[in-house]
């Protein structure tokens, strides 16, 4: 693979950092919005604790944007960075389809789903050996990154759109896909925390695998042969 | 290497600390206002070639009761007396940039052609409730009044006073003439309960709850929102900085 290619393409690198920033702003402003009504429901409607499947804790100021309770300001941040986030993801997806990143690096092969292979991959991870796959990413990496890029991030966008009454009037079918507005709100919340869990694991694994080099490569691009 | 890590830590810290500062700056406000304009435009464009309607539900979908939020009453003796006696003297004025200013009693309003719709009410806080609303379409009333050339917004005047300021709201004429925009006087077949805005409230179904002005006393057609109250087109817009276009 020593072909002079960058380890991370320019599109991947720009998106990585734009996305990191926008997800952080969206998550923290989202926690502020969550404080406005701390109950989650299934179906179309719900407004009382007795109808809720989850009572969410109140998130403290240090975890929210802005750092004090303001539904108006948090919503401004949230809908503005939703644009950065959604357009960023769209452009990244187009570029990754075009340069083959998805096909070459992210899509799993059928053989990789054999239990023996998965088990082997888990064992190697537990030994902190992360460079055991044939391609750029090992199996668990592919599954994690694909899950985030193709499932969690798009779900955040679509469940967010369902919560907008103006959007719903234009695309009512989208609400039905998610089983109602309050269901979409619950899924939005669950996916946000799934993304947070991904972020924690992602950061821990970066710290375990030469973080200075990893960060440098995500900025400068690095060289493809370093990964092999 | 240490430098870079310090740089990243500083970047993270300044994001958190800086957001409040940025949030109060003029350019951020301008950006937010621009995005608000896009949202209205995009929602209207996606519904092109038809009037995008808010979903309507079945009777069986109606919530067991309908939550009241914000003002739950009008805190005056006159209102309490009127509530007691069924609002015999309540009137709705229609004025501003119209050819024929109107003063409608509840009797007049009940006498107009009625629309009944079962819709979901979404509060800006995040909760939702489904209810059946009945009342004349605002478009019908506005046609009777004759909206003048140049009018761009409908202002909704209210009897309630919240934390020392009179409640009011506004919408553009697309929403004012939308078929689901009604002056509701019935909820689930009964006269509006006190906490839901008795005797009259607006239903502007493609926007969040704070646009649905309660305890409605007047409708005013204007060319600009600038000179109305705080200038931002509504009580919460003036008081707390909520977005005027509440389609999100």
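The values are calculated or read from the model by the stated rules, or taken from the named source; none is laboratory data. If you're wondering where the values come from, they're calculated on a predicted model, not measured in any experiment. Virtual Cβ from ideal backbone geometry, glycine too; neighbours counted across all protein chains shown.
Each row is one residue, and each column tells you yes or no for (1) part of a helix (DSSP H, G or I); (2) surrounded by fewer than 18 Cβ atoms within 10 Å (Cβ to Cβ).
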site: A:136; (1), (2): no, no
site: A:146; (1), (2): yes, yes
site: A:160; (1), (2): yes, no
site: A:176; (1), (2): yes, yes
site: A:185; (1), (2): yes, no
site: A:188; (1), (2): yes, no
site: A:192; (1), (2): yes, no
From the list B:104, B:112, B:192, B:186, which one is over 13 Å from residue B:221 (Cβ atoms), surrounded by 19 or more Cβ atoms within 10 Å (Cβ to Cβ) and more than 17 Å from the chain's Cα centre (by Cα)?
B:104
Selected residue (criterion: nearest to the chain's Cα centre (by Cα)) from residues of the stretch A:49-82 that are outside any helix (DSSP H, G or I) and within 7 Å of another protein chain (Cβ to nearest Cβ):
A:65
Can you pull out every residue in the stretch B:180-199 that is in contact with a helix residue (DSSP H, G or I) (Cβ under 7 Å, 6 or more places away or on another chain) and assigned to a loop (DSSP other than H, G, I, E, B)?
B:181, B:185, B:198, B:199
Does residue A:187 qualify as being within 14 Å of chain B (Cβ to nearest Cβ), under 23 Å from the mean Cα position of the chain (by Cα) and touching a residue at least 40 places away in the same chain (Cβ under 8 Å)?
no
Residue A:93: passes all of (1) farther than 14 Å from residue B:126 by Cβ; (2) in contact (Cβ under 8 Å) with a residue 12 or more places away in the chain; (3) surrounded by 19 or more Cβ atoms within 10 Å (Cβ to Cβ) but (3)
Test for residue A:45: is it surrounded by fewer than 19 Cβ atoms within 10 Å (Cβ to Cβ), within 23 Å of residue B:120 (Cα to Cα) and more than 17 Å from the chain's Cα centre (by Cα):
no
Which is at pLDDT 95 or above, surrounded by 18 or more Cβ atoms within 10 Å (Cβ to Cβ), within 14 Å of chain A (Cβ to nearest Cβ) and farther than 21 Å from residue B:76 by Cα, of B:229, B:237?
B:237
For the stretch B:52-64, check the following and say yes or no: at least one residue is surrounded by 11 or more Cβ atoms within 10 Å (Cβ to Cβ) and free of Cβ contacts under 8 Å to residues at least 40 places away in the same chain.
no
Can you confirm whether the stretch A:85-97 contains a residue that is under 19 Å from residue A:18 (Cα atoms), touching a helix residue (DSSP H, G or I) at 6+ places or on another chain (Cβ under 6 Å) and within 14 Å of chain B (Cβ to nearest Cβ)?
yes
